[in-house]
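Everything below concerns the one structure shown next.
The values are calculated or read from the model by the stated rules, or taken from the named source; none is laboratory data. As the structure is a prediction and not an experimental result, all values here were calculated from the model. For neighbour counting, all protein chains shown are included, and Cβ atoms are generated from backbone atoms with ideal geometry for every residue, glycine included.
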Amino acid sequence: MITVPGTLRHPLDESQRRTLLAAVHPADPDEVGTRVPDLDVLTLDEPEGTFVLRLEVEAPDHGTAGEVALDLTRRAFAAAGYPDDAIGVGTPAVTGIDIG
């Protein structure tokens with residue numbers, strides 16, 4: 001599990017949110033199309049313009065996992081209509097590891 005923080009330069013409407021979430025769900029090969037009950041993939045703080053994405057990615061090491069998560073984050077926001085200069089993405093953090 002990788003947590004990616006960031007900022008938005010304009011609000012995310014409901015249609016954009018659905019598009020963004022659809023873009024990140026394929027990152028979970030075991031649960032495609034389902035929601036993990038205790039995990040909200042996207043947390044928004046609208047007044048502050050900040051977000052946190054929690055992504056499950058497959059990678060051989062922490063560094064690669066962070067790169068994969070950043071790429072997925074950028075692609076998801078692009079699919080939702082956000083150009084690269086409309087979001088700021090922070091440093092991803094490993095918040096869980098599944099070695100099974």
Quick check on my filter: what residues within region 72-86 are assigned to a helix (DSSP H, G or I) and in contact (Cβ under 8 Å) with a residue 12 or more places away in the chain? Leu72, Thr73, Arg74, Arg75, Ala76, Phe77, Ala79, Asp85, Ala86
Suppose we filter region 39-61 for residues that are under 22 Å from Pro11 (Cβ atoms) and among the acidic types (Asp, Glu); how many remain? 4
Search result, residues across region 62-100 that are farther than 25 Å from Asp13 by Cα, at pLDDT below 90 and charged (D, E, K, R): Asp98
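Taking the criterion of being assigned to a loop (DSSP other than H, G, I, E, B) and at pLDDT below 90, would at least one residue in region 12-29 satisfy it?
yes
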Residue check for Thr34: surrounded by fewer than 16 Cβ atoms within 10 Å (Cβ to Cβ) and at pLDDT 80 or above: no
What is the residue count in region 1-26 for residues that are in contact with a strand residue (DSSP E or B) (Cβ under 9 Å, 6 or more places away or on another chain) and in contact (Cβ under 8 Å) with a residue 60 or more places away in the chain? 12
Restricting attention to region 37-47, report how many residues are loosely packed, with under 15 Cβ neighbours inside 10 Å and at pLDDT 90 or above. 2
Being in a loop (DSSP other than H, G, I, E, B) and either touching a residue at least 40 places away in the same chain (Cβ under 8 Å) or of a type in the set (D, E, K, R) (or both) is the filter here, so list the residues in region 46-64 that pass it. Glu46, Glu48, Gly49, Glu56, Val57, Glu58, Asp61
